[in-house]
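Student: Below is one structure. I have some questions about it.
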Amino acid sequence: MHKARSVGGATGSMVYLSAQMSRGLPKKPCMFSSSGLLFAIVHRVLAWNPRQPLTPEHKRLIAVLRDEIRQPEKQPLHLLLPRDERLARVAHALLDDVADDRRLDEWADCAGMARRTFMRAFSAAVGMSFGRWRQQARLFAALEMLAQSKSVTEVAVAVGYDSVSAFIEMFRTMLGTTPQAYFRSKRPSRVGN
């Protein structure tokens, strides 16, 4: 089970590859950055007549598309949800209010667990510490708000940061750039014919 969503304006295309062409690709769902080459290939593929058989040139282009997908620049963000009902209750409470500033002991109480048991169980369930998971949940919420053109200051406060500089530093640590530079780099560039 997985899902992805887009906030704000978005366009896209879906490319389905046969089982044979999918060999060697990631087995689990994942998000990755798309290259300009990948976009250009998909744009070219969309112009093909689907009723016509693939030419050798088409097949070579599809092979390059597959190569681009096989070696993606993986996104550092993922947010697994724990299956354990007690841990899921905590995760959903945080997703409902990422600015909730309860301490670790209080979250452990919410799950009905001792602090150490909670920390071990949460980490085992999602593959990262509770603190890291909460930071990623806040970052996801921040990315959505920033995509809706909210100010960095407004977003920092909304996701639970006491200072804008602390929020920007977290953003830079997680994504390697500032919020403004991140969104500037994600704007689609026009491809000429």
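The values are calculated or read from the model by the stated rules, or taken from the named source; none is laboratory data. Every value quoted in this text rests on a predicted model; they were computed, and no experiment measured them. Counting neighbours? That spans all protein chains shown, and the Cβs are built from the backbone with ideal geometry, glycine included. To get the accessible areas, we keep the full protein, side chains included, count just its heavy atoms, and leave off ligands, DNA and RNA. Shrake-Rupley method; radii C 1.70, N 1.55, O 1.52, S 1.80 Å.
Student: Take the residues of the range 75-88 that are over 20 Å from the mean Cα position of the chain (by Cα) and surrounded by 15 or more Cβ atoms within 10 Å (Cβ to Cβ): which is nearest to Ala137 (Cα to Cα)?
Tutor: Leu87
Student: Looking at (1) closer than 30 Å to Val155 by Cβ; (2) outside any helix (DSSP H, G or I), find the lone condition where Pro50 falls short.
Tutor: (1)
Student: Shifting gears a bit: Within the range 87-100, is even one residue touching a residue at least 24 places away in the same chain (Cβ under 8 Å) and among the β-branched types (Val, Ile, Thr)?
Tutor: Yes, there is a match, as at least one residue in the range 87-100 is touching a residue at least 24 places away in the same chain (Cβ under 8 Å) and among the β-branched types (Val, Ile, Thr).
Student: Can you tell me how many residues within the range 96-116 are open to solvent by 70 Å² or more (accessible area, probe 1.4 Å) and either modelled with pLDDT under 95 or not in a helix (DSSP H, G or I) (or both)?
Tutor: Residues in the range 96-116 being open to solvent by 70 Å² or more (accessible area, probe 1.4 Å) and either modelled with pLDDT under 95 or not in a helix (DSSP H, G or I) (or both): 5 in total.
Student: Return the pair list, or none, for Cβ contacts closer than 7 Å from residues in the range 54-71 that are without any contact (Cβ under 8 Å) to a residue 24 or more places away in the chain to residues that are assigned to a helix (DSSP H, G or I) and open to solvent by 90 Å² or more (accessible area, probe 1.4 Å), at least 6 apart or on different chains.
Tutor: Taking only residues 6 or more apart or on different chains, the pairs are Leu61/Arg44.
Student: Could you say which residue among Leu65, Leu79, Leu61, Leu37 is aliphatic (A, V, I, L, M), touching a helix residue (DSSP H, G or I) at 6+ places or on another chain (Cβ under 7 Å) and modelled with pLDDT of 90 or more?
Tutor: Answer to the check: Leu61.
Student: Now a separate question. Consider the range 143-156. How many of its residues are in contact (Cβ under 8 Å) with a residue 40 or more places away in the chain and either assigned to a helix (DSSP H, G or I) or crowded, with 16+ Cβ neighbours inside 10 Å (or both)?
Tutor: 3
Student: OK, next. Does Ser165 qualify as being more than 20 Å from the chain's Cα centre (by Cα), in a helix (DSSP H, G or I) and surrounded by fewer than 19 Cβ atoms within 10 Å (Cβ to Cβ)?
Tutor: yes
Student: Would you call Ser22 closer than 30 Å to Glu144 by Cβ and either open to solvent by less than 50 Å² (accessible area, probe 1.4 Å) or at pLDDT 90 or above (or both)?
Tutor: No, not satisfied.
Student: Residue check: is Arg120 closer than 29 Å to Asp162 by Cα, among the basic types (Lys, Arg) and within 16 Å of the chain's Cα centre (by Cα)?
Tutor: It is false that Arg120 is closer than 29 Å to Asp162 by Cα, among the basic types (Lys, Arg) and within 16 Å of the chain's Cα centre (by Cα).
Student: Pull up the range 168-193, narrow it to residues that are outside any loop (DSSP other than H, G, I, E, B) and open to solvent by 60 Å² or more (accessible area, probe 1.4 Å), then point me to the one that is modelled with the lowest pLDDT.
Tutor: The qualifying residue modelled with the lowest pLDDT is Lys186.
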